[in-house]
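The values are calculated or read from the model by the stated rules, or taken from the named source; none is laboratory data. Every value quoted in this text rests on a predicted model; they were computed, and no experiment measured them. Cβ sites come from the backbone with ideal geometry, for glycine too, and all protein chains shown count toward neighbours.
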């Protein structure tokens with residue numbers, strides 16, 4: 001399993017049997033992981049400083065990078081989708097939120113619950129966004145409030161990836 005300790009700190013799993021970690025994903029150090037979290041191919045999470053916390057039913061897609069700086073822990077809520085090649089650094093992501101492909105969220109930034117950060121967005125340091133926000137651009141800004149239908153699509157996305165991680169855990173084989 002691609003899980004490593006550093007300075008006496010190793011990733012802690014609420015229930016490791018419910019998680020799936022791709023063979024080439026890397027989890028290092030001070031990371032707390034909820035139930036039903038999927039770590040897809042090429043993910044790198046380096047908890048060699050401040051703590052990193054990943055809530056239940058979250059999926060971390062291919063080539064995502066997570067790290068922290070002193071004074072800036074990283075927290076991801078429950079039911080989140082972290083898109084391909086996202087970079088999360090010392091930030092807070094609220095429950096049921098989606099971080100789009102290639103988005104960058106920097107130290108001290110806070111994304112509210114039920115929010116969507118668009119693909120390629122740059123969320124600058126210490127920027128705070130309210131719940132139910134559609135956040136896009138570089139630098140990122142809110143362009144509208146998400147309605148209940150959009151928020152439900154965020155839930156469906158996360159649930160799909162939980163099911164897909166279970167499928168990969170049960171059926172992925174080397175050929």
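A compact table of results
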| item | result |
| --- | --- |
| Where a residue in region 111-122 is in contact (Cβ under 8 Å) with a residue 24 or more places away in the chain and on the phi < 0 side of the Ramachandran plot and its partner, wherever it lies, is buried (at least 24 other Cβ atoms within 10 Å of the Cβ) and in a loop (DSSP other than H, G, I, E, B), with Cβ under 9 Å and at least six apart | 111/91; 111/97; 113/96; 113/97; 115/96; 115/97; 116/97; 119/103 |
| Filtered residues of region 30-43 (kept if out of contact with any helix residue (DSSP H, G or I) (no Cβ under 9 Å at 6 or more places or on another chain) and under 16 Å from residue 99 (Cα atoms)) | 43 |
| Strands (runs of 3 or more DSSP E) (entirely within region 64-175) containing at least 1 residues that are closer than 22 Å to residue 43 by Cα | 65-67, 74-76, 87-89 |
| Residue match in region 15-22 (condition: within 26 Å of residue 71 (Cβ to Cβ), crowded, with 16+ Cβ neighbours inside 10 Å and modelled with pLDDT of 95 or more) | no |
| Condition check for residue 49: touching a residue at least 12 places away in the same chain (Cβ under 8 Å) and in contact with a helix residue (DSSP H, G or I) (Cβ under 6 Å, 6 or more places away or on another chain) | no |
| Residue 80 vs. criteria crowded, with 22+ Cβ neighbours inside 10 Å and in contact with a helix residue (DSSP H, G or I) (Cβ under 7 Å, 6 or more places away or on another chain) | yes |
| Which listed residue, of 56, 22, 44, is without any contact (Cβ under 8 Å) to a residue 40 or more places away in the chain and more than 10 Å from the chain's Cα centre (by Cα) | 44 |
| Qualifying residue in region 142-159 (condition: in contact with a strand residue (DSSP E or B) (Cβ under 8 Å, 6 or more places away or on another chain) and within 26 Å of residue 28 (Cβ to Cβ)) | yes |
| Some residue of region 145-152 being crowded, with 17+ Cβ neighbours inside 10 Å and either without any contact (Cβ under 8 Å) to a residue 24 or more places away in the chain or in contact with a helix residue (DSSP H, G or I) (Cβ under 6 Å, 6 or more places away or on another chain) (or both) | no |
